[in-house]
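One structure is given below, encoded as structure tokens.
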Amino acid sequence: MKSLKPFIAAIAFILAPLAHAHGEFFLHDAYARASAPGAPNSAAFMVLDNQSKVLKRVVSASTPAAKRVELHEHAMVDGMMEMRQIAQILVPKGEQVILKPGGLHVMLFDLVKPLEVGEHISLTLTTADGHTLTKQIPVKTVMAGMKHHSGSE
Ligand SMILES: [Cu+2]
């Protein structure tokens, strides 16, 4: 057992700064939208909370519940609200960015199976500095009138 001590100390030394940095970037109130009958796609919404001293960039997301995941925003294109893929979501230091229906969202393409209210799915966000944040998020009904897409879903 004596020989393990330096090893454990080394591990603690390596992990401590990571755990610290990680603890300053949070994911609150996350949920995925229950999928409509027959719909292959859905979306996830959340509050990104950056309590660190540096800008955080979310560069990708993933979940075992969908085959393809993209970061999306809604934007006005020729007078029509359309959604499109974006490379990253910027969360300035000390600020929160809200992902919500009709705005920024995590797009879930090709669901492995329909998302039903009451279930949870695992969602992982990756930041540009290489950290990942994984959370179990609930599946909820998103109110009508806050429609995500204009039809194709
Ligand atoms: Cu989308």
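Out of E95, E119, one residue alone is closer than 18 Å to P40 by Cα and without any contact (Cβ under 8 Å) to a residue 60 or more places away in the chain. It is E119. Pairs linking a residue in the range 59-83 that is within 18 Å of S42 (Cα to Cα) to a residue that is charged (D, E, K, R) and away from the ligand (no atom under 11 Å from the Cβ), with Cβ atoms under 9 Å and 6 or more positions apart or on different chains, are A65/K113; A65/E119; A66/D110; K67/D110; R68/D110.
Scanning the range 109-124 for residues that are within 18 Å of V58 (Cβ to Cβ) and surrounded by 13 or more Cβ atoms within 10 Å (Cβ to Cβ) yields F109, I121, L123, T124. Among the residues making up the range 74-108, those that are open to solvent by less than 30 Å² (accessible area, probe 1.4 Å) and not aliphatic (A, V, I, L, M) are P101, G103, H105. Looking across the range 35-65 at every residue that is open to solvent by less than 10 Å² (accessible area, probe 1.4 Å) and among the aliphatic types (A, V, I, L, M), the one that is farthest from the ligand (Cβ to nearest atom) is identified as L48.
Filtering the range 108-143 down to residues that are assigned to a loop (DSSP other than H, G, I, E, B) and either touching a Gly at 6+ places or on another chain (Cβ under 8 Å) or closer than 17 Å to H74 by Cβ (or both), which residue is modelled with the lowest pLDDT?
So the first thing to find is which residues in the range 108-143 are assigned to a loop (DSSP other than H, G, I, E, B), and the list is 112-119, 128-131, 141-143.
Then drop every residue that is not either touching a Gly at 6+ places or on another chain (Cβ under 8 Å) or closer than 17 Å to H74 by Cβ (or both), which leaves 142-143.
On the way: V142: 88, M143: 70.
Filtering first and then ranking leaves M143.
The values are calculated or read from the model by the stated rules, or taken from the named source; none is laboratory data. Not measured: the values here are computed from a predicted model. When we count neighbours, we look across all protein chains shown, and the Cβ atoms used for this are built from the backbone with ideal geometry, even at glycine. These accessible areas exclude ligands, DNA and RNA; they are computed on the full protein's heavy atoms, side chains included. Shrake-Rupley method; radii C 1.70, N 1.55, O 1.52, S 1.80 Å.
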